[in-house]
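Report on the following structure.
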Amino acid sequence: MKQEVSTIFSTITDVPTDAIFGINDLFLNDSRREKVNLTVGIFIEEDGKSAQILPSVRLAEEEILRTSETKNYLPIDGDLEYIQATKELIFGKKDLSRIYGAQTIGGTSALRILADFVRREISKTIYISDPTWENHENIFRRANFNIQKYSYPDHVYEQLEKIPDHSVVLLHAMCHNPTGKDLSFKDWEKLEIVFKQKQLIPFFDSAYQGFGKGIEEDAFAMRHFLEKGHECFVAHSYSKSFSLYGERVGALFVVMKNDLLVDRMKRNIRSLIRTNYSNPPRHGAHIVKLILQTPKLRFMWEKEIEFARKRMQISRKIFSEKIQKAIPKNKFSFSSEGNGFFALLGLTDEQSNRLRIEFGIYLAPRARVNLTALTTKNIDYVVESIAKVL
């Protein structure tokens with residue numbers, strides 16, 4: 001029997017398990033054969049295989065293995081060619097001299113590095129959508145922000161018209177997580193006017209470019225705000241769009257009025273990166289850069305992302321039809337409208353817990369579902385189980 005010993009760690013603060021990965025751990029420990037994991041946001045093939053290496057990525061890696069001669073450090077803010085290629089993917093090929101960019105460790109570190117900068121230099125308060133990605137609130141809380149919320153997707157304009165001028169507002173550039181409900185082009189144009197009138201500061205989270213309406217279409221909001229002269233922040237991720245989850249490939253961008261302050265911004269961001277992770281990893285960014293710069297590989301990747309987008313749309317449509325048919329008299333909130341991986345099922349916590357305990361169906365908080373996790377093998381079982389808990 002182990003005896004308690006005196007330790008300096010006995011008084012450390014306890015923190016809750018991560019909401020999404022904690023549920024995933026429960027799934028992994030579930031011994032039932034008929035169980036379904038609808039939690040973590042990774043692309044799942046129709047055969048149930050997840051996070052498969054894209055053919056374009058495999059070819060790029062083969063080329064990198066054949067030609068690379070060094071594993072030396074990258075600069076503090078990363079591979080300059082990768083940053084430029086990413087900048088053009090987001091903002092288009094135009095004069096981008098007033099935009100500073102840096103390579104980051106996935107989209108999460110882009111959010112955190114920018115959060116530290118914004119908190120120190122611009123504002124101690126940030127407005128985030130309710131609901132939003134579970135980790136948004138954690139990131140900004142750790143950066144010591146005062147977090148305020150605006151309801152989404154209803155009455156966004158009316159709410160933002162009432163917040164203090166010069167406020168920083170976090171926006172999902174595409175494929176809103178967790179609702180899947182995006183603003184239309186006209187909605188973004190209307191919202192831009194509110195931002196200009198109140199001099200609000202946009203902070204875009206761009207994690208799913210290509211999975212909404214298309215690669216170019218999904219960049220509309222960021223390009224529109226750029227064209228209208230706004231200063232803003234962008235945190236970008238390639239985890240989903242290149243299926244590079246474990247490589248942690250991301251970028252941050254700061255859009256300024258002109259290029260006079262770019263060097264000062266560069267020194268600030270480099271300082272934050274240097275004291276965090278020093279400099280970013282080389283391999284994942286090299287893959288993305290090579291694909292974006294090589295016409296043949298880029299064409300392959302664009303077809304791959306189109307296939308994934310259509311898979312999400314078909315899954316959303318089929319699930320919506322089946323759920324409405326199975327529960328015709330129930331006012332069910334899920335519909336076929338939406339973009340990207342996710343949708344909210346509108347279940348209570350009690351109903352979600354019943355799905356997990358009685359049927360082995362695991363949902364993320366707020367009954368968020370990853371639509372690509374629904375396959376021909378499990379979709380009917382999921383729909384039948386939901387009907388039973390309702």
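Matching residues to (1) part of a loop (DSSP other than H, G, I, E, B); (2) touching a residue at least 24 places away in the same chain (Cβ under 8 Å); (3) within 23 Å of the chain's Cα centre (by Cα); (4) assigned by TED's automatic domain parsing to the domain that holds Glu134:
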{"position": "Phe9", "(1), (2), (3), (4)": "yes, no, no, no"}
{"position": "Arg66", "(1), (2), (3), (4)": "no, no, no, no"}
{"position": "Gly78", "(1), (2), (3), (4)": "yes, yes, yes, yes"}
{"position": "Leu89", "(1), (2), (3), (4)": "no, yes, yes, yes"}
{"position": "Leu96", "(1), (2), (3), (4)": "yes, no, no, yes"}
{"position": "Tyr100", "(1), (2), (3), (4)": "no, yes, yes, yes"}
Worksheet entry | Test set (1) surrounded by fewer than 24 Cβ atoms within 10 Å (Cβ to Cβ); (2) in contact with a strand residue (DSSP E or B) (Cβ under 7 Å, 6 or more places away or on another chain) - Val234 fails condition number | (1)
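So which residues in the stretch 344-390 are of a type in the set (Gly, Ala, Ser), touching a residue at least 60 places away in the same chain (Cβ under 8 Å) and either part of a loop (DSSP other than H, G, I, E, B) or surrounded by fewer than 22 Cβ atoms within 10 Å (Cβ to Cβ) (or both), if there are any at all? Show your work before the answer.
Quick first cut of the stretch 344-390, residues of a type in the set (Gly, Ala, Ser) only: 346, 352, 360, 364, 367, 373, 385, 387.
Those left that are additionally touching a residue at least 60 places away in the same chain (Cβ under 8 Å): 360, 364, 373, 387.
Answer for the stretch 344-390, where residues must be of a type in the set (Gly, Ala, Ser), touching a residue at least 60 places away in the same chain (Cβ under 8 Å) and either part of a loop (DSSP other than H, G, I, E, B) or surrounded by fewer than 22 Cβ atoms within 10 Å (Cβ to Cβ) (or both): Gly360, Ala387.
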Worksheet item: Among the residues of the stretch 126-146, how many are surrounded by 16 or more Cβ atoms within 10 Å (Cβ to Cβ) and either of a type in the set (A, V, I, L, M, F, W, C) or over 19 Å from the mean Cα position of the chain (by Cα) (or both)?
Response: 7
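Let me confirm something: among Ile126, Ile163, which residue is assigned to a strand (DSSP E or B) and either in contact with a Cys (Cβ under 7 Å, 6 or more places away or on another chain) or at pLDDT 95 or above (or both)? If you could, list the steps in order and put the result at the bottom.
Numbers: Ile163 fails: assigned to a strand (DSSP E or B).
None of the others qualify; the one that does is Ile126.
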Worksheet item: Can you tell me which residues in the stretch 320-343 are closer than 23 Å to Ser184 by Cα and touching a residue at least 60 places away in the same chain (Cβ under 8 Å)?
Response: Glu337, Gly338, Asn339, Gly340, Phe341, Phe342, Ala343
Worksheet item: Of the numbered conditions (1) among the β-branched types (Val, Ile, Thr); (2) without any contact (Cβ under 8 Å) to a residue 12 or more places away in the chain; (3) in contact with a strand residue (DSSP E or B) (Cβ under 9 Å, 6 or more places away or on another chain), Ile42 satisfies every one except a single condition; which is it?
Response: (2)
Response to the item:
The lone condition Trp133 fails out of (1) modelled with pLDDT under 95; (2) closer than 21 Å to Phe195 by Cα is (2)
Fill in: Filter result for Leu260 (in a helix (DSSP H, G or I) and at pLDDT below 95)
yes
Worksheet item: Within the stretch 237-257, which residues are out of contact with any Leu (no Cβ under 7 Å at 6 or more places or on another chain), in a strand (DSSP E or B) and crowded, with 23+ Cβ neighbours inside 10 Å?
Response: Ser237, Val249, Gly250, Ala251, Phe253
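For every residue, the table says whether it meets (1) farther than 28 Å from Ala285 by Cα; (2) assigned to a helix (DSSP H, G or I).
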| site | (1), (2) |
| --- | --- |
| Thr104 | no, no |
| Arg141 | yes, yes |
| Lys149 | yes, no |
| Met174 | no, no |
| Gly180 | no, no |
| Leu183 | yes, no |
| Glu189 | yes, yes |
Item to complete: Run Arg58 past the list (1) in a loop (DSSP other than H, G, I, E, B); (2) exposed (fewer than 14 other Cβ atoms within 10 Å of the Cβ) and report the number of the one that doesn't hold.
Response: (1)
Worksheet item: Has the stretch 202-222 got any residue that is farther than 23 Å from Ala85 by Cβ and assigned to a loop (DSSP other than H, G, I, E, B)?
Response: no
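Can you tell me which residue within the stretch 325-343, out of those that are outside any loop (DSSP other than H, G, I, E, B) and either at pLDDT below 90 or of a type in the set (Lys, Arg) (or both), is surrounded by the most Cβ atoms within 10 Å (Cβ to Cβ)? Spell out the reasoning first.
Quick first cut of the stretch 325-343, residues outside any loop (DSSP other than H, G, I, E, B) only: 325-326, 342-343.
Those still in the list that are either at pLDDT below 90 or of a type in the set (Lys, Arg) (or both) too: 325-326.
On the way: Lys325: 10, Ala326: 16.
The extreme case among them is Ala326.
The values are calculated or read from the model by the stated rules, or taken from the named source; none is laboratory data. If you're wondering where the values come from, they're calculated on a predicted model, not measured in any experiment. All Cβ positions, glycine included, derive from the backbone under ideal geometry; neighbour counts span all protein chains shown.
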